[in-house]
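Accompanying notes for the structure given below.
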Amino acid sequence: FSCSLSDLLCSFLGLLYQEYRDKSTREEIETRRLQDSQTDPEETSPSEETPSEAEPTSTTENKAPAQINLLRNSNSRFNLWQDLPEVQNSGVLSILQPDEIKLQEAMFELVTSEASYYKSLNLLVSHFMENERLKKILHQSEAHILFSNVLDVMAVSERFLLDLEQRVEENIVISDVCDIVYQHTVNHFSVYITYVSNQTYQERTYKQLLQDKPAFREVISQLELDPKCKGLSFSSFLILPFQRITRLKLLVQNILKKVEEKSDRESTALDAHKELETVVKACNEGVRKMSRTEQMISIQKKLEFKIKSVPIISHSRWLLKQGELQQMNGPKTSRTLRTKKLFREIYLFLFNDLLVICRQIPGDKYQVFDSAPRGLLRVEELEDQGQSLANVFILRLLENADDREASYMLKASSQSEMKRWMISLAPNRRTKFVSFTSRLVDCPQIQCVHPYVAQQPDELSLELADVLNILDKTDDGWIFGERLHDQERGWFPSSMGEEILNPKIRAQNLKECFRVHKSDDSQRRKLGSRNRQ
């Protein structure tokens, strides 16, 4: 390149990554809405009947490859591969199968979105991190926590983008991009794990600086007002790397859904997806580990044991749910009595491997009077017992702190709270609808139209355009769902999404999901047979 990459990018797309991401997900939502409203969605879903003999790359092999410089054209505003003049003038659009054109668009979006992402990263560094006034205000340790290893992340993005652009310039019909994604994920993308794992401290430091340093607050506000930022906040730039690595996995999934089955390109896309999934999981674990450790220390300090003490802090233990429930006094036979003190408050701390049952005592402390391993818990809902016993369930401890079986009749504040506790306490209990992993032909589905940030450990954060299977729902507006692209489960308000009503679209979503995760399935089958042996 004769001029710097960032200069070339400034003229490309005209979108910062945050804008691209928002535009792209909203288009995805609208496309799905359109498909869902059609009585026969077959025309809008990828054709299953396309002849596999028509290989687009071989059709164009004899043509001289047209050289294009994607990021060099100062007037370039092309969002679609088929809009490029080089593509339109070549005549390939009349030769390629419709499915191959869709695949070209999916690969081209991965390249152009990386360009947009790099542009936003560059702005984070040049406009914020390297601002002289900001440098004087921030202590070196504060700047390190705030910006972490963003320079490494940007260098990795630049190298990745150069390789992608080189591939696009080889031939107007892009041969593949997933091989490049695979190589960079394996060799370079560990920088994302470092950056994202720092997120808890980054957020805390940023809030603290806004609170404690008026000069910092003032400079950030002024920098955000610069037209370059297009009205976007400083924090939206800080979370770019985590958003990108997650989005990259979805872009590879999109390619995977469009490549020919049992082809080399499918194999490469599956490999790239598997490696990206490993990085995304490591990023998520990094974030959780930081916050979980602090949370466990805080809980340990609040507990006083009336029974034999249980060590709470463990590197493999984390909190799943905590909260107050009403415990029914006396034996089950007295459940029909209408006494004032029919129920009394108890407080539960549920960890991934342990339940601790307490009573709150003065000084923000909790006295533990029973406990049980999570694997030895059973729940049972009480139905049609009248208003005073609404939202009541039985919790059985098969082996409690005294090595005996114990039962508790517990009342929740609402139907959703009762169901949330029951699913958390006994996760293998059958839900109203069956998970997609059961290979059910049809299951209720919902697409997210409003982003949601989880407020409790048993909730699921949602991004725009996420598609989820509905596993359970409550009358008071909560859904227990399983996201198709990563099988993460959790509760969220039903107002965050729109149900997908067309059964053919639901079937298509499931089919694509099975295809994306088929390498995981074969791995699970291997493990299953090994365990049986």
Surrounding net charge for Val196, when Lys and Arg each add one and Asp and Glu each subtract one, Cβ distance under 14 Å: +3
In what sequence, highest mean first, do 400-409, 110-119 appear when ranked by Cβ atoms within 10 angstrom? 110-119, 400-409
Pairs of alpha-carbon atoms within less than 8 angstrom and 6+ residues apart define the contacts here; what relative contact order does segment 80-298 have, in percent? 28 percent
Keeping every protein chain present and rolling a 1.4 Å probe, give me the accessible area per residue for segment 445-525 in Å². 40 Å²
Determine the sum of side-chain charges near Leu240: Lys and Arg each +1, Asp and Glu each -1, restricted to other residues whose C-beta is under 11 angstrom from that of Leu240. +4
On a full-extension model of 0.36 nm per residue, what is the gain between Leu223 and Phe514, subtracting their alpha-carbon distance, rounded to one decimal in nm? 100.2 nm
Which distance in nm do the two modelled labels at Lys289 and Ala143 give, with both placed 7 Å along the Cα-to-Cβ direction? 2.8 nm
As a test, work out the antiparallel percent of DSSP beta bridges whose residues both lie in segment 445-525, rounded to the nearest 5. 95 percent
Tell me which aspartates and glutamates have Cα within less than 12 Å of Lys308's Cα, excluding those fewer than 8 residues away on the same chain? Asp370, Asp402, Asp403
Using mean Cβ contacts within 10 Å as the protection proxy, how do 184-196, 215-227, 454-466 order, highest first? 184-196, 454-466, 215-227
Within segment 80-298, what whole-number % of the accessible surface is contributed by carbon and sulfur, with the 1.4 Å probe and all protein chains included in the calculation? 51 percent
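Can you check what the net charge comes to around Leu464, using other residues whose Cβ is under 14 Å from the Cβ of Leu464 (Lys, Arg +1; Asp, Glu -1)?
-1
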Distance between the C-alpha centers of segment 249-288 and segment 173-202? Whole Å please. 11 Å
Going 7 Å from the Cα of Val453 toward and past its Cβ, which residues in segment 189-223 have a backbone nitrogen under 12 Å from where you end up? 203-204, 207
Give the distance, in whole Å, between the Cα centre of segment 208-247 and the Cα centre of segment 136-167. 15 Å
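Measure up Lys136/Lys289; Lys321/Lys411; Lys136/Lys228; Lys23/Lys119; Lys281/Lys365; Lys274/Lys504 against 25 Å on the Cα-Cα distance and list the ones that go over.
Over 25 Å apart, Cα to Cα: Lys136/Lys289; Lys281/Lys365; Lys274/Lys504.
The values are calculated or read from the model by the stated rules, or taken from the named source; none is laboratory data. Please read these numbers as outputs of a predicted model, since none were measured by experiment. Counting neighbours? That spans all protein chains shown, and the Cβs are built from the backbone with ideal geometry, glycine included. Ligands, DNA and RNA are stripped out before the accessible areas are found, and what is left, the full protein with its side chains, is counted by its heavy atoms. Shrake-Rupley method; radii C 1.70, N 1.55, O 1.52, S 1.80 Å.
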